[in-house]
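Structure first, then comments.
None of the figures in this text is laboratory data; all of them are computed from the coordinates on show. All values derive from a computational prediction rather than experimental measurement. When we count neighbours, we look across all protein chains shown, and the Cβ atoms used for this are built from the backbone with ideal geometry, even at glycine.
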Amino acid sequence: MIRHSALRKVLILHLILFGALLGAMTYWYWRSDLLAIHPANPRFYQVFRQPRGQILDRHNRVLVETTQEGEQFTRVYNHPSSLSQTIGYFHPRYGVTGLEKVYHSQLTRQQNVYTTLDGELQKFIDELFGDHTGAVVVTDPRTGQILATGSWPGYPNGDLNDWELYYHHPQAPFFNRVLQGTYPPGSVIKPLIMAAALEEGIAELESTWRDTGSISFSGRTIHNSGQRSLGMISLTEALAHSSNVVFAQLANELRGGGLDYLGEFGLGTTMEMELSTAAGRLPSEALSSYGWGQVGIGQSDLLVTPLQIAAAIGVIANNGVLMRPYLVRQIDGLIWQRQRNRPEIIRRVISQATAEQVTRAMVAAVTMGTARRAAVNGLDIAGKTGTAENPQGSDHAWFAGFAPAEHPKVLVVVVVEHGGAGGVAAAPLAREIILKALAAQEER
Amino acid sequence: MKNGLRRDFVLRDLRLWFDLAVWWALLFFWFKLTITAPPWWQPTTLFILLLILAVWNWWRGVSPYGLLIVAFLASLNWFLLYRINPTYADAQWRGWLLSGIAFLVSLHIDWSKAVHKHFFGSVGLAILIITGIFGKEIGGARAWLAVGPIQFQPVEFYRVFFLLFVSRFLFDSHRQLAHRGSGSFWDIWGPLLIVLGGAFFLLAFQRDLGPALLFFLVFMTLMLAVSFSWVRLAGFVGLAAGGGLTGWFVFAHFRQRLAVWLNPWQYADTYGYQLLQGIFAFAAGGFIGRGISQGTAETVPQVHTDLTIVLIGEELGLLGAAMILAMYLCLIFWGLKIAGRQEGYLRILSLGISVMWGTQVFLVIGGVMRVIPLTGMTLPFLSYGTSSLITNMWLLGTLSSLERER
């Protein structure tokens, strides 16, 4: 007959089965955020008919909010179109992208997202950049916070009626050039090469070279810009005047070690932050001496994103330590929903002494070198221009710099696609941006 | 029964109905008060109500808690049906009255009276045969019988006869099963093969595969509980595999259900629509739910029958759904306790009822949550359907009746 032990076993069996059911229920509860934005889910459209959290800037000014008129909810975007790729859009037909997507669950629960961006600075930069194509990113090198990020051309994320147009536009307004645009760096790589050389003891600030305007490696020649011969120059002057001759030699002496340093600076790998970033490319190790020379001047098949350059030059500005760039400083909500992001150190790349030395050389670039058009009376700005040759057309104009040089508070990277010489096209824009960014920092 | 005993029972019945009336009133006011309240009120206040009820009964020394659990489930069901569509609630109300009568009748039957298994077996088979011949096909399975204006599912009633037959059979042959002793093969296994084999065949013929699986599992559990052997377990597993394979070849909708279970996303617009919509609705509830009538579970097909748990999930949250699971577990535990106090044939019967409820809940919720393929069955007490309610109340009456006789 049925023993009590059998009854007990039946009970245990049921406990196990029901436990499995509870497990399944919990699993679906855990996946609920992903299920909510599945296209087959009719509740997907519900999310557009209800209030939504705001996205704010660093001074708590509202960048994005949902307004309500009766039953109609509209998502309103109060920022220039160059910020749209980062903020993203929230549309029943075209989906959810950017920060709107990354923080979709929190925004749906009406939690607010507080970014590190400065709305006024962003507007200023947008008006300044005008009709150029390219990217600008402004960070605080001490913390890694992104104060402004712009990618031109942008698009109006509040009005996607012309979505098809934007999608097929040859200059790709949906493309986030700051995070994902990969360009050859040209001479903006030189501060990093210089830092590597100083760390490895290959050169010192006072080391001298004879620069005759060109240098040959097994029959192939690398020229200075405009074939200019700079004569006997120190390392500082080599950076200030952007001597290809000197840096081609430095890269040859560093070889694989130089690539390692570039990797330590964050080039060649994706940067982990709120949005996805491109990795760019570091050349493979098997290069001829001409090839290494090309690396030293930022050509070869090097590819970097403006964000990577901002983070790397940030190392120079921040006493040799690489900080993680981030966009969101805080999310509010109920106690267990809150989130606060703090500055995060990724690693130390170079010594403080090396960073100071490179900074000095970059200041020289602004006071008497190729970056003269970024100079401001009474302010020490450290900067480096870049003019990157590329197969698609005229050179990209780069500028990367920070100020005040001694205790940097802002760092600016400007890329004008096919803009020509960095010192001519990018440096003057950066000058204005640096001044505005420093002024904005003062007002708290 | 002596007159004195009968009067005692009547008094106990009256107290029981008083309890139920109070409970119903509480739940009614709860529904009215919380329907516009913030969602987290609902599962928490429901839980508090249950606590009050448990404490009150414990204090009075009464524990007919099987009936009270069912009252909770059934009345919650009524409210949810009302929220889906008031006409369902109306029909369910009538179903309640009928099933209340069924409960009372079953309560007063003397279940220990010996009735030969052949009686149950043949009546059961007859029900299935009639359904097979005269039945209407609804939703892929020919499971419905229409008598005048009334439409019902005879397979639900068949359950009762199934349980009675199986319990009787296992009791009669338990010695032979244990010792593999005397009695010719035909004597022992004959009735079983005819009745159960016939039942499975007929169910398959009517394409009502869910109940077929349920009966198979219940029979397996009962037989193994009576006399366990690894050989027998292997035999059952083999039978199940064989049945599964046959089903796969013969039945298109069996293949469909299996395919959807393995990858519902691929069939999101076609076969998988029901399962996925159910999962979307359940997940949309969050931990405390959206609140009664705040969800959009109307978009889920069959939400008033097969997928009621999904409505509970969306509107009362994971918390509400877990509470329902706990309620069913309590019901099964109650049934097992009663089984422990019975002897012989009645022990098998009460175990069978509990196992049938437990297995059914697992098959239904497991299917909806994608643990196993959907089986097209409904939750006992928690779905729209008079036949199912009558049957389950009848079974509840059986257990309650057994509980009283110590």
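Working from the alpha-carbon coordinates of the stretch A:227-349, get Rg over Rh, Rh being the Kirkwood radius.
Values: Rg = 18.3 Å, Rh = 16.5 Å.
Radius of gyration over Kirkwood radius for the stretch A:227-349 works out to 1.10.
Where the convex hull is taken over the Cα atoms of chain A, what is its projected area averaged over directions, in nm²?
Details: hull surface 117.9 nm².
Value for chain A: 29.5 nm².
Report, in listed order, any pair from A:Lys123/A:Lys436; A:Lys190/A:Lys436; A:Lys384/A:Lys436; A:Lys409/A:Lys436; A:Lys101/A:Lys123 with a Cα-Cα distance greater than 21 Å. Could you put the intermediate results ahead of the total?
Working: A:Lys123/A:Lys436 11 Å; A:Lys190/A:Lys436 26 Å; A:Lys384/A:Lys436 19 Å; A:Lys409/A:Lys436 12 Å; A:Lys101/A:Lys123 23 Å.
Checking Cα-Cα distances, A:Lys190/A:Lys436; A:Lys101/A:Lys123 exceed 21 Å.
Using the Karplus curve 6.51 cos²θ - 1.76 cosθ + 1.60 with θ = phi - 60°, work out ³J(HN,Hα) for each residue of the stretch B:379-384 in order, rounded to whole Hz, and write x for Gly and Pro.
Here the 3J(HN,Hα) series is 6, x, 6, 10, 9, 6 Hz.
Can you give me the three principal axis dimensions of the stretch B:194-287 from its C-alpha atoms, in Å, biggest first?
45, 35, 19
Please get the size of the charge dipole for the stretch A:239-334, origin at its Cα centre, with Cβ charges of +1 on Lys and Arg and -1 on Asp and Glu, quoted in debye to the nearest 20. Kindly include the intermediate steps, with their values, before the conclusion.
Details: 4 positive and 8 negative charges, 29 e Å.
My answer is approximately 140 debye.
Suppose every Lys and Arg Cβ carries +1 and every Asp and Glu Cβ carries -1, with no other charges. What dipole size does the protein assembly as shown come out with about its Cα centre, to the nearest 20 debye? It would help to have the intermediate numbers written out before the result.
Working: 65 positive and 57 negative charges, 840 e Å.
Dipole magnitude for the protein assembly as shown comes out near 4040 debye.
Using the Cα centre as the reference, give the magnitude of the dipole from point charges on the C-beta atoms of the stretch A:95-177 (Lys, Arg: +1; Asp, Glu: -1; all else neutral), rounded to the nearest 20 debye.
Numbers: 5 positive and 10 negative charges, 83 e Å.
Around 400 debye, computed over the stretch A:95-177.
Expressed in nm², what is the orientationally averaged projection area of the convex hull enclosing the Cα positions of the stretch A:157-199?
Average of the hull's projected areas for the stretch A:157-199 equals 4.6 nm².
Suppose we keep just the alpha-carbon trace of the protein assembly as shown; what are its Rg and Dmax in angstrom?
38.3, 126
Do you know the relative contact order of the stretch B:218-276, to the nearest whole percent, from alpha carbon pairs under 8 angstrom that are 6+ apart?
Values: 22 pairs, mean separation 9.1, N = 59.
Result for the stretch B:218-276 is 15 percent.
Once the Cα atoms of the stretch A:97-197 are picked out, what are the Rg and Dmax in Å?
Spelled out, the Cα radius of gyration and Dmax of the stretch A:97-197 are 16.5, 53 Å.
Taking N as the number of residues in the stretch B:243-289, what is its alpha-carbon radius of gyration divided by 2.2 N^0.38 Å? Walk me through the numbers on the way to the answer.
Working: Rg = 13.6 Å, N = 47, 2.2 N^0.38 = 9.5 Å.
The value comes to 1.43.
For the stretch A:139-245, taking Cα atoms only, what is the radius of gyration to one decimal and the Dmax to the nearest whole Å?
Answer for the stretch A:139-245, Rg first and Dmax second: 20.9, 60 Å.
Starting with the fewest neighbours, write out B:Lys113, A:Lys384, A:Lys409 ranked by other beta-carbon atoms found within 10 Å of each beta-carbon. Please report the intermediate quantities before stating the final value.
On the way: B:Lys113 6, A:Lys384 35, A:Lys409 17.
Listing B:Lys113, A:Lys384, A:Lys409 from fewest to most nearby Cβ atoms yields B:Lys113, A:Lys409, A:Lys384.
Would you calculate, for the protein assembly as shown, the mean residue ellipticity at 222 nm contributed by helices, counting each DSSP H stretch of 4 or more residues as -39,500 (n - 2.57) and dividing by all residues, to the nearest 500?
Values: 32 runs with 456 residues, N = 850.
Helix-only estimate at 222 nm: -17500 deg cm²/dmol.
Taking every pair of alpha-carbon atoms in the stretch A:335-444, what share in percent sits in each 5 Å bin, from 0 to the bin with the longest distance?
Here the calculated profile for the stretch A:335-444 is 2, 12, 19, 18, 15, 14, 9, 5, 3, 2, 1.
With the contact rule set at Cα under 8 Å and sequence spacing of 6 or more, what percent relative contact order holds for chain A?
On the way: 962 pairs, mean separation 66.7, N = 444.
Normalised by residue count, the contact order of chain A is 15 percent.
Remind me, what semi-axes does the stretch A:170-311 give for its equivalent ellipsoid, largest first in whole Å, using sqrt of 5 times each Cα gyration tensor eigenvalue? Before the final figure, lay out the partial values.
Values: eigenvalues 154, 51, 40 Å².
Working through the eigenvalues yields semi-axes of 28, 16, 14 Å.
Once phi is turned into ³J(HN,Hα) by the Karplus curve 6.51 cos²θ - 1.76 cosθ + 1.60 with θ = phi - 60°, what whole-Hz value does each residue of the stretch A:56-67 show in order, with x for glycine and proline?
Those phi angles translate into 10, 9, 5, 9, 6, 7, 7, 8, 9, 8, 10, 9 Hz.
Report ³J(HN,Hα) in whole Hz for each residue of the stretch A:219-228, in order, from the Karplus equation J = 6.51 cos²θ - 1.76 cosθ + 1.60 where θ = phi - 60°; Gly and Pro get x.
Per residue, the Karplus-derived 3J(HN,Hα) values read x, 9, 10, 10, 9, 6, 4, x, 6, 5 Hz.
Compare the Cα positions of B:Phe134, B:Tyr345, A:Asn224 along the charge dipole of the protein assembly as shown (+1 at Cβ of Lys, Arg; -1 at Cβ of Asp, Glu; about the Cα centre) and return the one farthest towards the positive end.
B:Tyr345
How large is the Kirkwood hydrodynamic radius of the stretch A:6-129, in angstrom, based on all distinct alpha carbon pairs?
On the way: mean 1/r = 0.0583 Å⁻¹.
Hydrodynamic radius (Kirkwood, Cα only) of the stretch A:6-129 equals 17.2 Å.
Per residue of B:169-175, what is the mean number of Cβ atoms on other protein chains within 10 angstrom of that residue's Cβ?
Numbers: counts 0, 2, 2, 0, 0, 2, 1.
Partner-chain Cβ atoms within 10 Å, mean over residues of B:169-175: 1.
Looking at the stretch A:273-425 from every direction and averaging, what is the projected area of its Cα convex hull in nm²? Before the final figure, lay out the partial values.
Values: hull surface 47.6 nm².
One quarter of the hull surface, i.e. the mean projection, equals 11.9 nm².
Taking the mean number of other Cβ atoms within 10 Å as a proxy for protection, how do you rank B:89-100, A:162-173, A:88-99 from highest to lowest?
On the way: B:89-100: 16.1, A:162-173: 12.8, A:88-99: 18.7.
In descending order of packing, they fall as A:88-99, B:89-100, A:162-173.
At 10 °C and 1.306 mPa s, grab the translational diffusion coefficient of the stretch B:257-373 from Stokes-Einstein with a Kirkwood Rh over Cα pairs, rounded to a whole number in µm² per second. Don't jump to the answer; show the numbers that get you there.
Working: Rh = 15.4 Å.
Answer, rounded: 103 µm²/s.
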